[in-house]
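First up is the structure itself, then whatever we jot down about it.
The values are calculated or read from the model by the stated rules, or taken from the named source; none is laboratory data. In this text, all values refer to a predicted model and were calculated from it rather than measured experimentally. Cβ atoms come from the backbone with ideal geometry, glycine included; neighbour counts cover every protein chain shown.
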Amino acid sequence: MTSRGRLEAILLPAAAAAVLIAFWQVAVRWTGTNVFPSPGAVARGFAELARKGLLLRYSRDSLLRVAAGYGAALVVGIPAGVFLGWRPAVARAVNPVIQLLRPISPLAWIPVAIVLFGVSNVAAVFLIFLASLFPILVSAMNGVRGVPAMYRDAGRNFGLSERALLSRVVFPAALPEILTGLRLALGIAWIVVVAAEMIAVDSGLGYLVIDSRNAGKRYDLVVAAMLSIGAIGLVLNLLVQRVSRLRAVRWGFREETP
Amino acid sequence: MIPVREPLPGRTKLEIRGLHMTFRTEENDVAVLEDIALGVREGEFVCILGPSGCGKSTLLNIVAGFLTPTSGSVRIDGEEVRGPDPRRIFVFQERGVFPWLTVEGNIGFGLGRLPPGERERRIAHYVRLVGLEGFEKAYPHELSGGMKQRVEVARALAVDPDVLFLDEPFGALDSITRLVMRGELLRIWQAEQKTILFVTHDIEESVQLADRVVVMTARPARIRRIVPIDLPHPRDLSSRRYLELRDGIFEEIGLAHKI
């Protein structure tokens, strides 16, 4: 990229953001609302949250819940998906159930989570686990099923046992598709943690949104919490994107050169 | 008219007898191979030549142990083939290299059981043999088609197999790279003394490479004729004998060598 191109890549988005904030400011003024906060009020809200230490603590609590639920989904989903992809007969038996459960919004599970775990941290983590599990499981299953027969044949030709074939050929061949599922799942997990915290717990960014509204209609804090959620989601996505640039998986994320 | 030469003396490495292959689909049975019989001597280079889709790849997959024939048998060193075996390696088109491994990782793929020092030494040897020095750490997607094909050949040779099966290995390469690769394969074959079964639909390629060319019919494939190529290497591609043999095969297949 030329230096001019790089400058544009920074300046243009910054200009777009500035226009949006200006529009927001003008809209608040023009409508004379005293419910919806101005950008300045939100900035002061951020400062207040930071001063009380809530911003960091709530972000940390939300991230820990995601880590627990998402981590559990990784531990269960990847091996289960690889197994199902490797045993098409089992997959055919189980697949209808998976396809039935998959389109159910994780939010529909909230009552079930509360019945099982009470209004608790575990209920929130369980929801995140469920929400992340299906994309991970399905991508691992499809990834393994889609490994070209040529790779498997080559592996068998070199005398690999079934176990070695799975770990040295099938898993690395399926990895780009699995990573795509992981990225999708992390995005969903971050959305679901916010929803789960509105119902089941008394900390976290989702709780901050609902609590700020309920306790005194502090919409400046609501918007500050929303923007924090967006920013953290953005960072998470950038981190996962990084993983797909590793050399051993990059082949699966671009058109192969002829 | 192609003069038929007596087969060279030498131990039979591979023997195909009475081989039939029929694929069963729901509507009907498709006969792909009919009554194939062929003996290949140790160290011989045999090309199996036939039109696209005739079943020659199926034949190679059966001989390599990836498919079980409907009837008949394949024996290698007198032993019935029951599955793939590292003593005989199948080389796919260059798409068979593992994209998640470097050149080094690919070439060393079948060497897991060797002590690390020996493994390194072998990898270095075969990197040199196929002319990929300096690309040891490169990933396949960073290489050209010809280089990927070299990686695959080197990966096969590294485990020191007796037999190589090559399924139209140069089919996806441009014509110049293809000529270079043929030369290199011949050099490697002479240096490493392998028995080679090479499937192709390219008449010129078969006459340039093989000791004998097995000409197949369209599907269901039978052996139409086996043509010994009595030309020493390196072969002069404008010599009278080369042209005679080539044109003989064109005629055999029923193609006038004109366009």
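Numerical summary
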quantity: Looking only at the stretch A:112-154, and only at residues there that are closer than 30 Å to B:ALA158 by Cα and crowded, with 24+ Cβ neighbours inside 10 Å, the one that is farthest from the other protein chains (Cβ to nearest Cβ); calculated: A:VAL144
quantity: Total residues in the stretch B:205-221, condition surrounded by fewer than 17 Cβ atoms within 10 Å (Cβ to Cβ) and either β-branched (Val, Ile, Thr) or modelled with pLDDT of 90 or more (or both); calculated: 1
quantity: Subset of the stretch B:113-131 that is in contact with a helix residue (DSSP H, G or I) (Cβ under 6 Å, 6 or more places away or on another chain) and closer than 21 Å to B:THR177 by Cβ - its residue that is nearest to the other protein chains (Cβ to nearest Cβ); calculated: B:TYR126
quantity: Qualifying residue in the stretch A:218-233 (condition: more than 14 Å from chain B (Cβ to nearest Cβ), assigned to a loop (DSSP other than H, G, I, E, B) and on the phi > 0 side of the Ramachandran plot); calculated: no
quantity: Residue within the stretch B:69-78 that is of a type in the set (Gly, Ala, Ser), at the interface with chain A (Cβ under 8 Å from one of its Cβ atoms), without any contact (Cβ under 8 Å) to a residue 60 or more places away in the chain and surrounded by fewer than 16 Cβ atoms within 10 Å (Cβ to Cβ) present; calculated: no
quantity: A:GLY159, sole failed condition from (1) modelled with pLDDT of 90 or more; (2) assigned to a helix (DSSP H, G or I); (3) surrounded by fewer than 18 Cβ atoms within 10 Å (Cβ to Cβ); calculated: (2)
quantity: Tabulated pairs, the stretch A:226-241, first closer than 29 Å to A:LEU175 by Cβ, second of a type in the set (S, T, N, Q) and surrounded by 16 or more Cβ atoms within 10 Å (Cβ to Cβ), C-beta under 8 angstrom, 6+ apart or interchain; calculated: A:ILE232/A:SER59; A:ILE232/A:SER62
quantity: Within the stretch B:79-104, considering residues that are in a helix (DSSP H, G or I) and more than 9 Å from chain A (Cβ to nearest Cβ), the one surrounded by the most Cβ atoms within 10 Å (Cβ to Cβ); calculated: B:VAL103
quantity: Per-region count, the stretch A:167-202, residues modelled with pLDDT of 90 or more, more than 15 Å from the chain's Cα centre (by Cα) and more than 14 Å from chain B (Cβ to nearest Cβ); calculated: 1
